[in-house]
1. Shape verdict for segment A:1-151, please, from the Cα gyration tensor: rounded (a/c under 1.5), prolate (a/b greater than b/c) or oblate.
2. Expressed as a whole number of Å, what is the distance separating the alpha-carbon centroids of segment A:305-319 and segment A:367-441?
3. Could you state the angle between the C-alpha long axis of helix B:264-273 and the longest principal axis of the C-alpha atoms of chain B, as a value from 0 to 90 degrees rounded to the nearest 10?
4. Could you point to the residue in A:Asn349, A:Val360, A:Leu386 farthest towards the positive end of segment A:288-389's charge dipole, with +1 and -1 charges on the Cβ of Lys/Arg and Asp/Glu respectively?
5. Which loop-located trypsin sites (Lys or Arg not before Pro) does segment B:100-201 contain, where loop means any DSSP state but H, G, I, E or B and the Cβ has at most 14 other Cβ atoms within 10 Å?
6. Using a 10 Å cut-off around each Cβ of peptide B:71-81, what is the average number of partner chain Cβ atoms that fall inside?
7. What three numbers, in Å, describe the spread of the alpha carbons of segment A:406-479 along their principal axes, ordered from the longest?
8. Would you work out the Kirkwood radius for segment B:356-444? I mean one over the mean of 1/r across all pairs of different Cα atoms, in Å.
There are 2 protein chains.
Amino acid sequence: MSGAETQEKDLDQGESLLAKIALEAELADYSPVKGCMVIRPYGYAIWEQIQSSLDKMIKETGHQNAYFPLFIPESFLQKEAKHVEGFAPECAVVSYAGGKELEEKLVVRPTSETIINYMFSKWIQSYRDLPVLINQWANIVRWEMRTRLFLRTTEFLWQEGHTAHATREEAEVETKKMLGVYKTLSEEYLAIPIIDGIKTETQRFAGAVTTYCIEGLMKDGKSLQMGTSHYLGQNFARAFDTKFQDQNGQLQHVHQTSWGVSTRLIGAIIMTHSDEKGLRLPPKIAPIQIIVVPIYKEQAEKEMVLKKCKELEETLKNDFRIKTDDRDQYSPGWKFNHWEIKGVPIRINLGPKDISSNVVEIVRRDTKEKLKNVPQQDLRQYLLKLSTEIQENLFRQANDFLIKNTFTVKNEKEFAEKINSGGYLICFWCEKTQCEEKLKQKTKATIRCIPFKLPVDQNQEEGYCISCNQKAKQQVIFAKAY
Amino acid sequence: MSGAETQEKDLDQGESLLAKIALEAELADYSPVKGCMVIRPYGYAIWEQIQSSLDKMIKETGHQNAYFPLFIPESFLQKEAKHVEGFAPECAVVSYAGGKELEEKLVVRPTSETIINYMFSKWIQSYRDLPVLINQWANIVRWEMRTRLFLRTTEFLWQEGHTAHATREEAEVETKKMLGVYKTLSEEYLAIPIIDGIKTETQRFAGAVTTYCIEGLMKDGKSLQMGTSHYLGQNFARAFDTKFQDQNGQLQHVHQTSWGVSTRLIGAIIMTHSDEKGLRLPPKIAPIQIIVVPIYKEQAEKEMVLKKCKELEETLKNDFRIKTDDRDQYSPGWKFNHWEIKGVPIRINLGPKDISSNVVEIVRRDTKEKLKNVPQQDLRQYLLKLSTEIQENLFRQANDFLIKNTFTVKNEKEFAEKINSGGYLICFWCEKTQCEEKLKQKTKATIRCIPFKLPVDQNQEEGYCISCNQKAKQQVIFAKAY
């Protein structure tokens, strides 16, 4: 199969880094199916960490998980005009199954608003049934022309929240609340600073009234849409006749939201935190937080050192995801390198000298700093503190990068000078789609969002549109994006 | 859509019970896509409990989770002759995607041996790379003609383990080890007694050398295959050329296993533990183990009672999945009924009288027994003990049912008399496929397995084949099955 080779051709700098780390750290591999990747155990373990952190927050905000069919009747997609326009070109279609042509073609879900709305119509009758707060963990298929490991694959894993409410206000509160959850996930767990804001019409989800997003700035200067939360209004409710009887006995369409993040987040981690040695993982989502490497020369030492490593593991395993690399066929040097590539936040080297002095040697993955002679007493406290420090340091480094690469530009000349070197460009925009489109055609950059808050201080209330030079009140963030 | 109606027609007694409980307890719903169901939040929460119990055991036995593509190139399926023969008729096929006819058709995975073997061939070079121990949680599609909620749906959720080993012995140990894990899951978590054994050739997985299974006896007397574990030999390794260099430098094909259980297990729970009031859930996998129902008449009482309920919840929430049903719009009687249908193992009724006497009233779902005046002191200990008792009682009841409905039959007449009233029939079989097939055609019953151990004592070493009456040494279990 030539899938791998084809997909590795023509990668730009950022994509090369992504592919290099994803493959070397054994996070993923190319598959024989065009655009589909295999998530290898170490990559999947990161996804499990992300899932468990996020699933907890989704449940704490009152949502319940459920599961809806993979297949969606083609006619369902067509019920909402903008939705079908947006998704039909990317659909994979089943027309033959069980040895027969199907009466109606089935689309492999590119997102589940339509099938879920069909079920909501069955389940929702009265205001007493509202709100309905559902989440689904599932695989999704969108036939992409140009794919990249994690960032854009034909099949990906995600969660999609779908909620129905009695009022517009309640649905809007929900939309923003879940965007807030994504911001927390990104900043506090993945250690990735984001800009949150509203998408312009051209970047809006097909079928939504408003799309909110979080955007992260990747190492190569491109922006990545890391999560979206949509206020759907009554668009799908009208298409599927999802109605409820309100407290006055009147029939009304529900107001809805949907929101999702995907395995793309693993791509975001790679493209934010990697260095020349490989991956660097934030402790909160690292499958292995501490790797213990035993150091010994003779067989006589070996037994004693391994025993001590296991003891250490036992002492710390309630507080950390810790593992001893006790493989005999690899040297300590090989192991150092191996676990650096894989981004394990903390390494403990343990040899006979350390043991006799009751200390350990610790190596931080984030700064590469070597911490010698750390007393074994109070090691737990020391490591808890160190984990927090590493988590915060990774965030701080990424945030410094974001600030350093955010520029204010006042006119098209400045815009043109800056845009090719990457980063975020803050500028005024007159809110006309044609101005946005014009810049996109010239530079391939798009408005990533109308930010809630600018990443750097900007007190101007008014300026001139970056494209047409007319007076403008809206400041937006432009960037090239994945 | 007429999906629901079509699917409810012509249900036999067991299927009616299944559908009634699945719908009334809000575990699942029919979907507009033929044969696909929607798993509703309460049903999905049971699945999450099963997943977390099983996932832990899968990881403790050294396996790692990973994720492989949903789509499998049609040519892959064809590489193993028996595999394609078994699965091709059930496949859903994508031939059109992203606005174009595909060069090669893609099958929606009916199981993942083929695509995983392709990847194994890339990853495995040396004996040092073995064993490879992988598990995948995924959705699966098999186009079934006749579907039933949970027990047989076109799409279902499952886990599929796939392992590669250097030797036949090691692979066989693995196959049996994972069957043992399924037995533990079924008996100790789901409280369902099983018969474990080997499938005959006609019932073997398409592509396997040996298929082991666990079978449970459902309330309507039919058997349910609850899980299978296959020794695949080198069949797929040969088809995909999955080879390793052994310690002597010789190239050899790997020996493989695969094993899986699915959302069908939720059907098994329904069809084992339900009674005339609804579902009964074993505490270990109940999403809600204790439901607290506040009892009050006047508004003045309400506040005090709810406060006490919340206090109780706080005290117990570290040990139990506990919830207070504080909804105002429903009466206590309505709530009793509601949570009985949903099978919550323990109900606590709490009213002003109980509070003033420092007691609670407890109702067991399994026996419907009302336990009055249980002191609030030591309630935690009392409930832990009660949970264990309920878990054990559900298993005991199911096991009694299995024993009571297992019969030894000596000739075809006895077989014919017994088979239509359900249950397991133990008999001798001469090991000829034609004898098995003949009985299947006459009675629709199949050999569920050659059991490791008979469920009732049978010391005979030899007898006569139930079909051809020739001397026979093999005792087998016949039953009608889902």
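Every number in this text was worked out from the coordinates using simple rules, so none of it is lab data. Just so it is clear, the structure is predicted and the values come from calculations on it, not from any experiment. Note that each Cβ is placed from the backbone with ideal geometry, even for glycine, and that neighbours are counted across all protein chains shown.
1. Because a/c hits 1.5 or more and a/b fails to exceed b/c, segment A:1-151 counts as oblate.
2. Going from one Cα centre to the other spans 37 Å.
3. 50
4. The residue sitting farthest along the positive end of the dipole is A:Leu386.
5. Here the trypsin sites (Lys or Arg not before Pro) that fit, given the DSSP loop and packing criteria, are B:Arg146.
6. 2
7. Largest to smallest, the principal-axis extents are 28, 24, 19 Å.
8. 17.2
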